[in-house]
1. Counting only C-alpha contacts under 8 Å and six or more residues apart, can you give the relative contact order of the chain as a whole percent?
2. What number, rounded to the nearest 500 deg cm²/dmol, is the helix-based mean residue ellipticity at 222 nm of the chain, given -39500 (n - 2.57) per DSSP H run of at least four residues and division by all its residues?
3. Which value in Å does the Kirkwood hydrodynamic radius of the stretch 47-132 take, with 1/r averaged over all unlike C-alpha pairs and then inverted?
4. Assuming R0 = 22 Å, can you tell me the calculated FRET efficiency for the pair residue 67 and residue 5, based on Cβ-Cβ distance, to the nearest 0.05?
5. How do the peptides 46-56, 65-75, 97-107 rank, highest first, by the average count of neighbouring beta carbon atoms within 10 Å per residue?
6. Efficiency by 1/(1 + (r/R0)^6): what FRET value for residue 51 and residue 105, r their Cβ-Cβ distance, R0 = 30 Å, to the nearest 0.05?
7. Taking Cα atoms, how many degrees apart are the long axis of helix 21-31 and the longest axis of the chain, rounded to 10 and kept between 0 and 90?
8. Could you check the simple spin-label distance between residue 84 and residue 59, using points 7 Å along Cα→Cβ, in nm with one decimal?
């Protein structure tokens with residue numbers, strides 16, 4: 001399966017599933033380069049916030065993605081990011097740090113609306129289209 005060179009963040013997936021046209025267009029554009037990817041942790045976050053009537057569409061969409069598992073290398077790098085930023089007084093969320101580490105490990109750009117990733121050097125973000 002050909003993977004795109006970007007990883008969908010949880011927020012973008014949620015906006016897509018909730019019918020935001022802007023997010024749907026963005027993911028459609030990214031899909032032209034191959035199957036979109038996401039972290040296994042994004043699957044957890046999306047399912048945890050899923051409404052009962054959203055299960056079928058959510059399951060179908062998530063099954064269509066290339067889900068990247070968290071391995072020891074990614075976990076180590078996420079922990080190192082949390083520690084590094086913590087020493088500078090910046091708190092990184094466990095999930096956000098793991099998603100960033102996944103991108104760094106696989107040389108993927110992150111497709112997100114989330115500005116919390118902005119202080120991470122080396123992390124490339126897909127050109128975020130202007131919001132609706």
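Taken together, the values in this text are just the output of simple stated rules run on the coordinates, not laboratory data. What you see is a predicted model; the values in this text were computed from it and never measured. A quick note on method: Cβ atoms are made from the backbone with ideal geometry, for glycine too, and the neighbour counts reach across all protein chains shown.
1. Normalised by residue count, the contact order of the chain is 29 percent.
2. When only DSSP H runs of four or more count, the value is -15500 deg cm²/dmol.
3. In the stretch 47-132 this quantity evaluates to 14.6 Å.
4. E between residue 67 and residue 5, to the nearest 0.05, is 0.85.
5. Those peptides, ordered most packed to least, come out 97-107, 65-75, 46-56.
6. After rounding to 0.05, the efficiency reads 0.40.
7. The angle comes out near 80 degrees.
8. 4.0 nm
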